[in-house]
Amino acid sequence: MKVVILAGGFGTRISEESAYKPKPMIEIGGMPILWHIMKIYSYYGFNEFIICAGYKQHVIKEWFADYFLHTSDITFDYTNGGNEMIVHNKHVEPWKVTIVDTGLNTQTGGRVKRIKDYVGDETFMLTYGDAVGDVDIKKLLEYHKASGKIGTVSVYNFGQNKGVVEVENDGLVGSFREKSDFDGDLINIGFFVFESALFDYISGDTTVFEKEPLNGLVGKSELAAYTHKGYWQCMDTLREKQQLEKLWDSGKAPWKLWED
């Protein structure tokens, strides 16, 4: 099953670093947060990724092109007048990564629409390229299959500073709306699962994924909510990046499910 990751936005709220690279390429512990997200899915056996790139998309492509250089010891041997590169202790993930330039100014829904041909008619997963968590991907997938719905969104009790997801008693999403002082605090954290019928709800490049497509599914009672009760954190600001970095440096990062 393919995992689609949205990685094309400008990241304006963390401009201290996103001025030089896409936000998903900002590093936590020396590796891009995009890599951390992919490691979460890979831990559960999902190793085929489609990256929806846009802003500074060449940075993502070049990083994966040089993955051996990032993860191995290298000897460059010029002693005989040549240019030989010897790779030592080679380590590479069992990943198949497709990086798609989905446009500079394309909205989130439009980015998803543009990778339709790469997904085909299969069930697929989708998430944002700027947040990590210890979401149990296999349980999420089981929940989605049991729901029989077109889509499933992971929701999380995070606080009052994000848009709110209302979940009905039958486990379906009732509505998406902005926060209110009277709201509960279940928020959309990505980690979606979708059937290919999702593409019928996306018009084109100007479609904001969190508006027409998700609300369209809600209107048809086709969006289930999977409640995540572990750890989750986005990286919208420099302060949040520093929090993630501190957790990683402590050796107790909750999203690090894999062994070194």
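Here are some notes:
- Among residues other than residue 142 with Cβ under 14 Å from its Cβ, the summed charge is +3 (Lys and Arg +1, Asp and Glu -1).
- Selection of trypsin sites (Lys or Arg not before Pro), segment 86-176, meeting DSSP coil and at most 14 other Cβ within 10 Å: 90
- Applying the Karplus relation 6.51 cos²θ - 1.76 cosθ + 1.60 with θ = phi - 60° to segment 64-71 yields 3J(HN,Hα) values of 6, 4, 9, 4, 4, 5, 7, 10 Hz, where x marks Gly and Pro.
- The calculated FRET efficiency for the pair residue 145 and residue 117, based on their C-beta separation and a Förster distance of 22 Å, comes to about 0.35.
- Note on the chain: with a GNM built from Cα contacts shorter than 10 Å, the maximum mean-square fluctuation among 191, 68, 176 falls on 68.
- Compared with the alpha-carbon gap, the fully stretched path from residue 84 to residue 166 is longer by 23.6 nm at 0.36 nm per residue.
- In nm, spacing of pseudo-spin labels at residue 208 and residue 260 (7 Å Cα→C-beta vector): 4.3
- Loop GluC sites (Glu not before Pro), segment 76-161, which have at most 16 other Cβ atoms in a 10 Å radius of their Cβ (DSSP): 122
- Averaging the sequence gap over all C-alpha pairs within less than 8 Å and six or more residues apart, then dividing by the number of residues, gives the chain a relative contact order of 23 percent.
- Within straight-line reach of residue 145, meaning a Cα separation under 12 Å, sit the following aspartates and glutamates at least 8 residues removed in sequence or on another chain: 195.
- Secondary structure note: in segment 121-260, about 75% of the DSSP beta bridges are antiparallel.
- Virtual spin-label span in nm between residue 249 and residue 71, 7 Å along Cα→Cβ: 2.6
- Here each label is just a point 7 Å from Cα along the line to Cβ, and for residue 240 and residue 197 those points are 3.2 nm apart.
- Over the chain: helical MRE at 222 nm, DSSP H runs n ≥ 4 each giving -39500 (n - 2.57), nearest 500: -7500 deg cm²/dmol
- Degrees, to the nearest 10: 33-43 long Cα axis against longest axis of the chain: 80
- Helix 137-147 axis, angle to the chain major axis (alpha carbon atoms, nearest 10°): 30
- Size of charge dipole - the chain - debye, nearest 20, with Cβ of Lys, Arg +1 and Asp, Glu -1, no other charges: 180
- Distances between placed amide hydrogens fall under 5 Å for residue 186 paired with 165, all partners being 5 or more residues away or on another chain.
- Calculated from the structure at hand, Cα extents along the principal axes in Å is found among [x] 72, 45, 41; [y] 71, 40, 34; [z] 61, 40, 40 as [y].
Read-outs: derived from the displayed coordinates by stated rules, not from any lab. Because the structure is predicted, anything quoted here is derived from the model rather than measured. With ideal geometry, Cβ positions are generated from the backbone for all residues, glycine too; neighbour counts draw on all protein chains shown.
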